[in-house]
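The values are calculated or read from the model by the stated rules, or taken from the named source; none is laboratory data. Because the structure is a prediction, the values reported are computed rather than measured. Methodologically, a virtual Cβ is constructed for each residue, glycine included, from the backbone with ideal geometry; neighbour enumeration extends over all protein chains shown. For accessibility, only protein heavy atoms count, side chains too; no ligands or nucleic acids. Shrake-Rupley method; radii C 1.70, N 1.55, O 1.52, S 1.80 Å.
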Amino acid sequence: MNREWLEKDFYKELGISSSATQDEVKKAYRKLARDLHPDKNPGDVKAEERFKAVSEAHSVLSDPEKRKEYDEARRLFASGGFGRGGFAPSGGYGGTGGFSGAEFNLGDIFGGATAGTGPDGGLGDILGGLFNRGGGARASSRPRRGSDVETETTLGFREAAQGVTVPLRMTSPSPCTTCHGSGAKPGTSPRVCPHCNGTGVISRNQGAFGFSEPCDDCRGTGSIIDDPCVDCRGTGIQNRTRTITVRIPPGVRDGQRIRLAGQGEAGLRGAPPGDLYVTVHVSGDKVFGRNGDDLTLVLPVSYSELVLGTTVSVPTLDGRVGVKVPPGTADGRTLRVRGRGVPKRGGGAGDLLVTVKVAIPQKLDDNATEALRRYAEAEKTSGFDPRAGWAGA
Ligand SMILES: [Zn+2]
Ligand SMILES: [Zn+2]
């Protein structure tokens with residue numbers, strides 16, 4: 001039932017846009033209500049159903065307060081923030097940062113309910129809070145999950161390509177070691193909040209709707225601590241500096257965000273921790289560039305090496321390799337050395353792409369200059385014309 005509410009488009013029901021003014025809402029409703037009224041359409045089941053739907057839409061949209069909540073819930077629902085079985089498709093969310101914000105908003109609006117901790121959990125909870133007909137809030141006192149933590153690190157080009165283990169030093173809240181995160185003085189334990197019966201939410205009824213808000217007595221946690229732990233003042237959390245060792249997989253790219261599950265902030269009073277996101281910056285390299293899993297490299301060669309062919313020793317991420325430049329290789333051509341690029345996640349590696357680039361001598365001794373002149377003559381005699389077939393000739 002609740003899910004249906006969210007999936008309903010009240011604007012469409014009234015035939016208005018989501019930016020319609022309150023006046024337009026009223027007008028649209030009046031017209032439809034007149035046309036669809038059961039007195040006017042006796043025995044017409046369809047009209048009756050439409051009439052009900054229109055009334056329902058009006059009851060929400062005509063109340064600015066309810067309309068705001070409805071809009072907000074729909075916006076979040078549309079953005080996929082809820083009910084999709086929780087957090088983090090491991091590549092991050094393109095850095096909009098919208099999601100954790102959304103989680104907090106909901107936590108604040110709807111009390112102890114934590115969005116997105118289980119299949120359907122978040123969705124049920126917001127709706128439970130939003131449109132709980134006739135009161136009687138759903139019992140929902142799950143403790144709040146710890147926040148996600150963002151950090152970044154800079155890796156050398158070769159470290160990033162080959163994978164590396166790096167220490168990350170972070171100051172963040174962790175479970176209090178004295179009370180093990182319960183927030184209660186050792187030897188005591190929190191008791192169930194009598195005001196909200198441990199649900200963390202208080203419901204109040206307003207017309208046809210029941211609304212839930214966080215319980216003031218327990219601040220939405222559902223439990224009350226009579227003797228707070230002195231070390232954490234009852235929060236169950238202590239700030240601690242910790243160094244965690246993070247294994248960065250090979251092939252990571254500049255700007256990539258890596259998720260480390262459960263390495264974020266501790267949850268309040270024993271709730272599960274959040275995740276840690278590490279944004280990796282990769283510094284450049286003097287020799288190598290990258291194109292996906294391929295490693296690129298520019299190899300300086302002489303004109304004669306391209307004409308006559310040669311084998312040149314080039315560096316790779318793992319030792320050197322001899323690259324054969326066939327006779328008659330054109331300047332700027334790229335030669336491929338298979339499997340000597342960046343390691344791939346699923347095994348194997350990309351290729352090493354070697355682009356040849358002619359280096360022109362700025363100064364030659366008499367001997368070489370004389371030889372080159374003689375060569376130029378011989379080249380002409382041989383019939384080579386560099387501009388043969390050139391469109392500009
Ligand atoms: Zn403590
Ligand atoms: Zn309470």
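Taking amide H atoms as placed 1.01 Å from N in the peptide plane, list the residues 5 or more away in sequence, or in a different chain, whose amide H sits under 5 Å from that of Gly222.
The answer is Gly200.
Determine, from the Cβ-Cβ distance of His195 and Ser59 and an R0 of 22 Å, the FRET efficiency 1/(1 + (r/R0)^6), rounded to the nearest 0.05. Display every interim value, and only then the final one.
Values: r = 30 Å, r/R0 = 1.36.
The calculated FRET efficiency here is 0.15.
Could you give the nm distance between label points at Ala261 and Glu72, where each point is 7 Å from its Cα heading toward the beta carbon?
Taking the two extended label points, one gets 3.1 nm.
Which FRET efficiency value, to the nearest 0.05, do you get for Arg158 and Asp331 by plugging their Cβ-Cβ distance into 1/(1 + (r/R0)^6) with R0 = 30 Å?
Working: r = 28 Å, r/R0 = 0.94.
The pair Arg158/Asp331 has a calculated efficiency of 0.60.
Enter the accessible area per residue of the range 225-312 (Å², integer; probe 1.4 Å; all protein chains in place).
Numbers: 4480 Å² over 88 residues.
Counting only protein heavy atoms, the per-residue value for the range 225-312 is 51 Å².
Just how far, in whole angstrom, is the range 3-65 from the range 142-188 if you go by their alpha carbon centroids?
The range 142-188 and the range 3-65 have Cα centres separated by 50 Å.
Label point 7 Å out from Asp254 along Cα-to-Cβ: which residues of the range 315-339 have amide N under 18 Å?
Within reach of a label on Asp254, which here means backbone N under 18 Å from a point 7 Å along Cα→Cβ, the range 315-339 contributes nothing.
Please list the non-local residues whose amide H lies under 5 Å from the amide H of Val321, H modeled 1.01 Å from N, same-chain partners needing a gap of 5 or more.
So Val321 has HN proximity to Val314, Thr316.
Taking θ = phi - 60°, what integer Hz values does the Karplus form 6.51 cos²θ - 1.76 cosθ + 1.60 yield along the range 308-320, in sequence order, with x for Gly and Pro?
With the stated coefficients, the range 308-320 comes to 8, x, 6, 10, 10, 7, 10, x, 10, 5, 9, x, 9 Hz.
Please arrange Tyr375, Tyr70 by accessible surface area, largest first, computed with a 1.4 Å probe and ligands excluded. List each step's numbers first, then the result.
Working: Tyr375 90, Tyr70 0 Å².
My answer, sorted largest first, is Tyr375, Tyr70.
In the range 288-358, what percent of the accessible surface is made up of carbon and sulfur (1.4 Å probe, ligands and nucleic acids excluded)? The partial results should precede the final answer.
Numbers: 1880 of 3730 Å².
Of the solvent-accessible surface of the range 288-358, carbon and sulfur hold 51 percent.
Amide H of Glu150: which non-local residues (sequence gap of 5 or more, or other chain) have their own amide H closer than 5 Å, using H built in the peptide plane?
Residues meeting the criterion, in which the H sits 1.01 Å from N, are Tyr277.
Give me a comma-separated list of calculated 3J(HN,Hα) values for the range 225-231, in order, Karplus coefficients 6.51, -1.76, 1.60 applied at θ = phi - 60°, integers in Hz, x for any Gly or Pro.
Those phi angles translate into 10, 7, 10, x, 4, 6, 6 Hz.
Using θ = phi - 60° and the Karplus curve 6.51 cos²θ - 1.76 cosθ + 1.60, what whole-Hz ³J(HN,Hα) does each residue of the range 276-289 get, with Gly and Pro shown as x?
Karplus-based 3J(HN,Hα) across the range 276-289 equals 10, 10, 10, 8, 9, 9, 10, 7, x, 10, 6, 9, 9, x Hz.
Distance from the Cα centre of the range 247-274 to that of the range 317-333, in angstrom?
Cα centroid to Cα centroid, the span is 41 Å.
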